[in-house]
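Shown next, in structure tokens, is the structure this report addresses.
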Amino acid sequence: MTLFRTLLGKPWIWSFIGALVVFLATISFTRGVGAGGILTAALSLAAFTVIVGTGQMFVVTLGPGNVDLSLPANIGLASAVAMKTMGGSDAMIAVGLLAALGSGIAVGVANYVLIRALRIPPIIATLSSSFVILSIDISYGRGLQIKPPPAFADFANIQIVGVPVLAIITVVFSIIAGVVLQRMLFGRSVLGIGQNMRAAWLAGIPVERVRFLTYTLSGALGGINGALLAGYFRGASVDIGNEYLLSSIAVVVIGGTSVAGGKANVPGIWGAALFLVLLLTMLNTFGVSPGLRLVLTGLIIVGVITAAGGLRAAR
């Protein structure tokens, strides 16, 4: 009983409970048919959300108003850069990944420059930069028909005993992100800035340097995600990152990270990502129309956030 109460006291547990509930509802409807395939697909798709969600989490943890809305455009551009650089050749995979990473870093740096130099809110700066990035992507990647190198496409889709290798690597990445956040100077500086920026500055934390690194990190993760998505879906697309505008923010909030800043939760990113993917799978399985699916998804997400937040407040 004590263990159960301890688990309920963890903010991340509610996202996993939500994921479990929608999974059980789905397999009950299908009478267990395809349960393994649903889990495998959910792990694959959740991994992509976890990668960008982690970058978004670091940004949001900086405090109120900090958010990266350029991620979808960043992902789309990086997917085109990666595929064009690789040119379908296995020998160019590493170079293509570095190019996608460089593209993402450039976006992150540009976002910070807009925020710092023009003194405009991050939400405006990153939204504005997304339009510029999208324009570049349209001229650079529109109609791009280059397929990923065979070895890269295989890597993005390979499984071990039904578990995607990409998901395993992303779990390791999440562990590293958790260590960085809680044990390393950079992560603790992000938390300190989110709790009180002025107090952090007075304590000697290089606030602007940390903010610069945080937005650059988010951009870099968006770039890598774009390359991996292109490999998984076997091609680049301008629209390949569209769904990550809201999902990258939703997994942060559902996963237990405070939008007020100063409090982050890495395990919750995984639970929230699985919840969103399985929720969409459940609604598709039930045959819900696209319009109603969007409404129900929004209502369910609000319900989960409210329930978890209310119970935490009560404790």
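Every read-out reported here was derived from the displayed coordinates using simple, explicitly stated rules and does not represent laboratory data. Bear in mind the structure is a predicted one, so any value in this text is a computation, not a measurement. Because the Cβ atoms are built from the backbone with ideal geometry, glycine has one as well, and the counts that use them run over all protein chains shown.
Quick notes on this structure:
- Between region 146-213 and region 237-307, the C-alpha centres lie 19 angstrom from each other.
- (1) 1.10; (2) 1.00; (3) 1.04, with the label sought being that of the calculated Cα Rg over 2.2 N^0.38 Å: (2)
- Placed amide H near residue 159: partners under 5 Å, 5+ positions off or other chain: 165
- Cα gyration tensor shape of region 164-315, rounded if a/c is under 1.5, else prolate or oblate by comparing a/b with b/c: oblate
- In order along region 13-24, phi translates into HN-Hα couplings of 5, 5, 5, 5, 4, x, 4, 5, 5, 5, 5, 5 Hz, rounded to whole numbers, per the Karplus curve 6.51 cos²θ - 1.76 cosθ + 1.60 with θ = phi - 60° and x for Gly and Pro.
- Per residue, the chain reaches -25500 deg cm²/dmol at 222 nm when only DSSP H runs of four or more residues are counted, each adding -39500 (n - 2.57).
- Karplus-derived 3J(HN,Hα), 6.51/-1.76/1.60, for each residue of region 53-61, Hz, glycine and proline x: x, 5, x, 5, 4, 4, 5, 4, 5
- Averaging the sequence gap over all C-alpha pairs within less than 8 Å and six or more residues apart, then dividing by the number of residues, gives region 2-314 a relative contact order of 36 percent.
- Taking other Cβ atoms within 10 Å as a rough exposure proxy, 22, 33, 251, 163 sort from fewest to most as 33, 163, 22, 251.
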